[in-house]
Amino acid sequence: MLNSGKTRGKIKIFFFIPSLRAGGAERVVSFVAQKIDKSKFDTTLYVIGSNKDATFKVTDVNLEFLNHDRVSRSFGTVYKTIKNGQPDIVFGTIGHVNIMLGLCKIFFSKTIFIGREVNVISKLAEVQHIKATLPPWLNKYLMHKLDVMVCQSIDMAEDIKQLSNFPEEKIAIINNPISDKYQLKTELRDKNEPVKLITVGSLSGRKGHLRILEVLKDLTIPFTYTIVGNGELKDEIFSVIEQYGLTDKVTHIQFSNEVSTLLQQHDIFLLGSFVEGFPNVLLESCAVGTPVVAFNAPGGINEIIIEGVNGFIAEDQKEYSDKIKISANKDWNIQEVRNAVVSRYNESKIIADYENLFLSKTNY
């Protein structure tokens, strides 16, 4: 039975995200909240942080800021919000939000609680220190309270089953969507010019910038390399760039609201990550017709990339170098590069997957 206190006949959903900063998880969930069918769903997007931290705009959805500086300090507000609003579904994303919603589930047994995982946790723990705020047994207990866990990739679903024995019947695999706003580039690569390489992502260890630089220092073809992003490894990365004599070839852009334009202006996207969730930037790069060279790593990369169609996957640095050279000389069909992702991850398909999940869990 649908709860009272909402527009008659609609399923009431509260989405909770940590902030409106530039993170992929926040963008995807806010995108879903905006795009789902308003004739069937009454949606509100709750941002645990404040609007002063927002780096992107949200429209076409009720938007509320809870104004907490940390998720761990927001439980009382989130609890009251759910109690007063009586939603049919509560949807969260990122581990610490999921855990908090698992705690809320104890008090709202009739409400459907859905979490959304963003990492292949076991692999992430190998390349990056994960600060535990709760004992592992309690994390596992609260996560298991959720009615559904949305995983972005097959790798993620397998990891959560093995790591925490999460029930397979409570896992839904829904890939990330590619927005219609990403349009195909109009200019093809000029092979008389240095190949223009680009990486977009936080400057952190898991993103693998340093191993990309290891390849580029010995790359035998002319190139330029644009790095878009900021993070804790910035100083180390640019020290290595100087050490390798790459300073004249590298351009750094700390932040941009025009990522799609930057992707259109480059020839090859380089992904160095050791682990991903389901990398939005790969979808975005392919959607504008810019192919990808990536290291083989868990997190949906081998689902997104079709060898020779929209990019290549390399097992080691030598193969990575070879794939860059092959990509630079290849006559890519940019429409095929785009179709490889748009046909599988277009917003209509992915939004329909979410809508079907919500409808199935409420017996609408």
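Is the C-alpha gyration tensor of region 290-364 telling us rounded, prolate or oblate? Criteria: a/c under 1.5 is rounded; beyond that, a/b larger than b/c is prolate, otherwise oblate. It comes out oblate by the Cα gyration axes. Here region 267-326 exposes an accessible surface that is 53 percent carbon and sulfur, computed with a 1.4 Å probe and the other protein chains kept in place. Work from the charge dipole of the chain (Cβ charges, +1 for Lys and Arg, -1 for Asp and Glu, about the Cα centre) and give the residue of S179, G208, F65 farthest towards its positive end. Value: F65. Once you order the gyration tensor axes a ≥ b ≥ c over the Cα atoms, which shape class does region 91-180 get: rounded for a/c under 1.5, otherwise prolate or oblate by comparing a/b with b/c? Oblate. Amide hydrogen proximity for F16: with H placed 1.01 Å from N in the peptide plane, the residues at 5 or more positions away or on another chain lying under 5 Å are Y46, F91, G92, T93. For region 246-316, averaging the sequence separation of C-alpha pairs within contact (under 8 Å, six or more residues apart) and dividing by the residue count gives a relative contact order of 28 percent. Proximity of backbone amide H atoms, modeled 1.01 Å from N, is registered between V150 and G115, R116, E117, A172 at under 5 Å, excluding neighbours fewer than 5 places apart on the same chain. Taking the alpha carbon gyration tensor of region 21-167, multiplying each eigenvalue by 5 and rooting it gives semi-axes of 24, 18, 16 Å, largest first. For region 93-128, the residues whose backbone nitrogen is under 12 Å from a point 7 Å from the Cα of L138, taken along Cα to Cβ, are 100, 103. Our coupling estimate for region 149-160, obtained by passing each phi through the Karplus curve with A = 6.51, B = -1.76, C = 1.60 and θ = phi - 60°, is 10, 7, 10, 7, 9, 4, 4, 5, 5, 5, 5, 5 Hz, Gly and Pro reported as x.
The count of lysine pairs in region 225-364 that are at least 8 places apart or cross chains, and whose C-alpha atoms lie under 19 Å apart, stands at 4.
Computed with a 1.4 Å probe over protein heavy atoms only, the accessible surface of the chain comes to 46 Å² per residue.
Using only the Cα atoms of region 197-331, build the gyration tensor, take square roots of its eigenvalues as a ≥ b ≥ c, and label the shape rounded, prolate or oblate: rounded if a/c is under 1.5, else prolate if a/b is larger than b/c, else oblate. It is rounded, given that a/c, with a ≥ b ≥ c, falls under 1.5. Computed over the alpha-carbon pairs of the chain, the distance histogram in 20 Å steps reads 29, 55, 16, 0 percent, short to long. Could you work out the local net charge near I94, counting Lys and Arg as +1, Asp and Glu as -1, over the other residues with Cβ closer than 11 Å to its Cβ? Taking every other residue near I94 into account, the sum is -1.
Among the protein heavy atoms of region 15-55, carbon and sulfur supply 45% of the accessible surface, probe 1.4 Å, non-protein parts ignored. For V292, the residues 5 or more places off, or on other chains, whose built amide H falls under 5 Å of its own are F269, G311, F312.
Set the bar at 22 Å for Cα to Cα. Now go through K52/K207; K12/K145; K40/K110; K123/K145; K57/K105; K35/K105 and name every pair that lies beyond it. Pairs exceeding the cut-off: K52/K207; K123/K145; K57/K105; K35/K105. The 1.4 Å probe gives accessible areas that order L146, L184, largest first, as L184, L146. Once the Cα atoms are used to define both axes, helix 317-329 deviates from the longest principal axis of the chain by about 80 degrees.
The mean sequence distance of close C-alpha pairs (under 8 Å, at least 6 residues apart), as a share of the length of the chain, puts its relative contact order at 15 percent. Taken about its Cα centre, region 276-364 carries a charge dipole of about 120 debye when Lys and Arg each add +1 at the Cβ and Asp and Glu each add -1 at the Cβ. So which aspartates and glutamates can K181 reach, going by Cα to Cα under 15 Å and dropping same-chain residues fewer than 8 places off? Correct list for K181: E258, E284, E347. Extension gain, D190 to A352: 0.36 nm times the residue separation minus the Cα-Cα distance gives 54.4 nm. Mean-square fluctuations from a GNM of the chain, with a 10 angstrom spring cutoff on Cα atoms, peak among Q265, Q162, Q335 at Q162.
Each Lys or Arg adds one and each Asp or Glu subtracts one; over the other residues with Cβ under 11 Å from the Cβ of I268, this totals +4. For region 20-79, the pair-distance distribution built from all alpha carbon pairs, in bins 10 Å wide starting at 0, is 22, 52, 25, 2 percent.
D322 sits among other residues whose Cβ lies under 11 Å from its own Cβ, and their net charge, with Lys and Arg +1 and Asp and Glu -1, is 0. Here is how the number arises for the chain: DSSP H runs of 4 or more residues each give -39500 (n - 2.57), the sum is divided by the residue count, and the result at 222 nm is -11000 deg cm²/dmol.
The values are calculated or read from the model by the stated rules, or taken from the named source; none is laboratory data. All of these numbers come straight from a predicted model, not from anything done at the bench. In this analysis, Cβ positions are derived from the backbone assuming ideal geometry, glycine residues included, and neighbour counts consider all displayed protein chains. Only protein heavy atoms, including side chains, enter the accessible area calculation; ligands, DNA and RNA are left aside. Shrake-Rupley method; radii C 1.70, N 1.55, O 1.52, S 1.80 Å.
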